[in-house]
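Quick notes on the structure that follows.
The values are calculated or read from the model by the stated rules, or taken from the named source; none is laboratory data. This is a predicted model, so every value here is computed, not measured. Counting neighbours? That spans all protein chains shown, and the Cβs are built from the backbone with ideal geometry, glycine included. For the accessible areas, the whole protein counts, side chains as well, though only heavy atoms, and no ligand, DNA or RNA atoms are used. Shrake-Rupley method; radii C 1.70, N 1.55, O 1.52, S 1.80 Å.
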Amino acid sequence: MAELFSFLLGLAAFYSIYQMLALSLNLEYGYGGLPNFGKVMFFAGGAFVTGALLTRLVALSPGAPPDMVWDVSKFKIYNTLLATRGSGYLATNPLLALTLFALMLILGAGVGALLGILASYPAVRLREDYLGVTLIVSGELLRIVARNYEPLVCGTLGVSVPNLFAWAGTYSELIKVGSMVAVSTATVLLINIMVNSPYGRALRAMRDQEAAAASLGKDVVLLKIKTLAVGSAIAGAAGSMYAMYLGAVVADEFTPLKTFIVWLMVVMGGAGNNAGACLGALTYIGIDRALTLFKHLIPLPFDVNYLYYTVMGVALILLLMYRPEGILPERPGRLYATTEISSDSRGGQAAPH
Amino acid sequence: MNVVLDALAFSNIIVLSSIGLTLTYITLKVPNFAHGDLVTIGAYTALAAARLLGITPYAAIPLAFIASGMAALASYYLVYRPLDRRGAGIVTLMIASMSTEVILRASLHIFADVMTTSTKSYWRGFLFREEGGQLTSYIVVSTITAILIIISLYLFLHRTKYGVALRAAVENPSLASAIGIDVDKARAVSWLIAGGLAGVAGVFMPFRTPTDPETGWALLLRMFAASVLGGLDAVFGAVIGGYVIGLSEVLGIYLLSGPPLNLSTAYRPAIPFAILVILLLIAPRGLSGVEWRRLLSRMSRGVVRSG
């Protein structure tokens, strides 16, 4: 029973993180037609800023020796100790802990947005293939810098992050995951409002016919910059949440495989449909978590995750061939009556491109 | 001297693999993210041949060519051609390319794990060890192989009837099919050659660095750097691009890690990546895309005006 409960909590935690990532890619690609093949970079940005700042900030409050915090060679050794002590201190100060939780989410989103605005420079200039390569490479550059520049997240060793929910005692995990689900749900609502607003309609117009959207007076360049900034801010906040949930940030975790997983979720679920993206995320995370739980029961001479990646890759290729619109295809916007659409030429072609 | 030789050998690997990357890019205009894994397949074929058949890795070069070439051909026939026929756009092809990459890399992991448990020897982080001084045989062999392959590929593509037809088919498919060239077959041959060259490059990899299923993927972005530098629409541009990227990475980190900067050598991959990002933002069509004549005339005009 306790095992089932902790399994469900883990599922909810990972789902709330990946739901944000999938929705942010859906906003960019599904609605805006911007193929962001560097999703992991923005996710990592949020995680790195949290890893770099949170432990240090918390350590300063109960008066840790400043050289332990600021001298990198010492911080590298003592960061786990500082994080544990910080958790202990925050256990007595829930208000400060929650403020830090919110602050880190905002910081993560800020860093994400900043990186998104940087990424929009190539995004408005390069063709999809060149843009894809640029974004993948930029993400790898960020990872290489993070794993070598020790002041950031202690290089290859990684940095520990204090538990911001230690004050809740035995309910700590429950309240932590509950807050994550709340943040993620708020994001769903926000994105749903955005895509049904005039902004969302302009976004779809840009995706379907960029020249036509521009001819109707939509500033396509500004629209792309805005979309990448918003999408990346959400990914950054998700990264920050990921760091706070796991209690550690390790640079080498942020490889392009994470980008692939988010793409898998969006394309599988249905690009251009938020419910689809969420369904894709739930399917992937559900199987992934179950595999982690039952791994030791599967008698294979290799890690079952590799088999899972292979199967998922094949599934994605088959989907692209036989059902490119995904499990839940995009539905026509609210402003149209369905009868109007079905007679329209657009009815058959739901997926972007 | 040691560093220069090492840089040369590293560049040979990049050149051999990025020629194929450019070739496949020309056929379908899709960056093949799985190209790095074709290199790994070559490396593992050589390892399997060395361990199971007891031959030297050099003798396994033809086997590696066939294995990686077949993998590339399979990905063309099973993934890209069906999608292309369905009229898939570039983003769809890129997602498929990423999926193929994940499938191949995960399969290589499974292969390495299964072989490790079944043969009771390490199939991860393996090396082809060589005794000897600075000028070890693989540097010589890889250089000779690279030169021979470049020359024969040039002769094939420019001096034989079939090669010319092949170039016509991949560069202008509609025109080529109008004069009766089998475009589909030409594309398949291109993928076979591209994969094969990646496989050959893979044989040399374990002579240099410990090789595991992630090795080729780590190499992929350097190949992109080389291909983009040489121009993604110019097959032999990749040769120049490959040598520039390989040399600048190895020699660059040698210079940067010494005084006065004393940078960690782990920043090595950042050099080609930084070159690639800057290149994509300034001259995305590579060296062959820069209009040198116009640039020169503009510069000379500028000199005249300022003078």
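Report yes if some residue within segment A:261-280 is on the phi > 0 side of the Ramachandran plot and either acidic (Asp, Glu) or buried (at least 24 other Cβ atoms within 10 Å of the Cβ) (or both); otherwise report no.
Among the residues of segment A:261-280, at least one is on the phi > 0 side of the Ramachandran plot and either acidic (Asp, Glu) or buried (at least 24 other Cβ atoms within 10 Å of the Cβ) (or both), which makes the answer yes.
Residue count for segment A:211-236 satisfying the condition of being touching a residue at least 40 places away in the same chain (Cβ under 8 Å) and either open to solvent by less than 10 Å² (accessible area, probe 1.4 Å) or not aliphatic (A, V, I, L, M) (or both): 7.
Residues that are away from chain A (no Cβ under 14 Å) and modelled with pLDDT of 95 or more number at least 1 in the following helices (runs of 4 or more DSSP H) confined to segment B:32-108: B:35-48, B:61-75. Would it be correct to say that A:Tyr242 is within 14 Å of chain B (Cβ to nearest Cβ) and either not in a helix (DSSP H, G or I) or not hydrophobic (A, V, I, L, M, F, W, C) (or both)? No.
When A:Leu279, A:Leu319 are checked against the criterion of being more than 11 Å from chain B (Cβ to nearest Cβ), in contact with a Gly (Cβ under 8 Å, 6 or more places away or on another chain) and outside any loop (DSSP other than H, G, I, E, B), A:Leu279 stands alone in meeting it.
With respect to the conditions (1) assigned to a helix (DSSP H, G or I); (2) open to solvent by 10 Å² or more (accessible area, probe 1.4 Å); (3) of a type outside the set (A, V, I, L, M), B:Gly180 falls short on a single one, namely (1). Only one of the numbered conditions (1) surrounded by 19 or more Cβ atoms within 10 Å (Cβ to Cβ); (2) modelled with pLDDT of 90 or more; (3) under 22 Å from the mean Cα position of the chain (by Cα) is not met by B:Leu221, and that is (2).
Among the residues of segment A:79-135, the ones that are open to solvent by 60 Å² or more (accessible area, probe 1.4 Å), in a helix (DSSP H, G or I) and within 14 Å of chain B (Cβ to nearest Cβ) come to 2 in all.
Which is in a helix (DSSP H, G or I), facing chain B (nearest Cβ under 9 Å) and modelled with pLDDT under 95, of A:Met312, A:Met268? Lay out the reasoning, then the answer.
Numbers: A:Met268 fails: facing chain B (nearest Cβ under 9 Å).
Among A:Met312, A:Met268, only A:Met312 is in a helix (DSSP H, G or I), facing chain B (nearest Cβ under 9 Å) and modelled with pLDDT under 95.
With respect to the conditions (1) closer than 18 Å to A:Gly46 by Cα; (2) away from chain B (no Cβ under 14 Å); (3) in contact with a Leu (Cβ under 9 Å, 6 or more places away or on another chain), A:Met180 lacks only one, and its number is (3). Scanning segment B:153-165 for residues that are open to solvent by 60 Å² or more (accessible area, probe 1.4 Å) and farther than 12 Å from B:Ile19 by Cβ yields B:Leu155, B:Arg159, B:Lys161, B:Tyr162, B:Val164.
Quick grid of which residues meet (1) farther than 27 Å from A:Val266 by Cβ; (2) open to solvent by 40 Å² or more (accessible area, probe 1.4 Å); (3) in contact with a Leu (Cβ under 9 Å, 6 or more places away or on another chain):
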position: B:Tyr44; (1), (2), (3): yes, no, yes
position: B:Ala72; (1), (2), (3): yes, no, yes
position: B:Gly89; (1), (2), (3): no, no, no
position: B:Ala106; (1), (2), (3): no, no, yes
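Residue under question is B:Gly199, and the condition is that it be without any contact (Cβ under 8 Å) to a residue 60 or more places away in the chain, under 30 Å from B:Arg85 (Cβ atoms), in contact with a helix residue (DSSP H, G or I) (Cβ under 9 Å, 6 or more places away or on another chain) and open to solvent by less than 10 Å² (accessible area, probe 1.4 Å); does it hold? Here the answer is no, as B:Gly199 does not meet what is asked.
Checking the stated criteria, A:Ile144 turns out not to satisfy the condition of being touching a residue at least 12 places away in the same chain (Cβ under 8 Å) and within 14 Å of chain B (Cβ to nearest Cβ).
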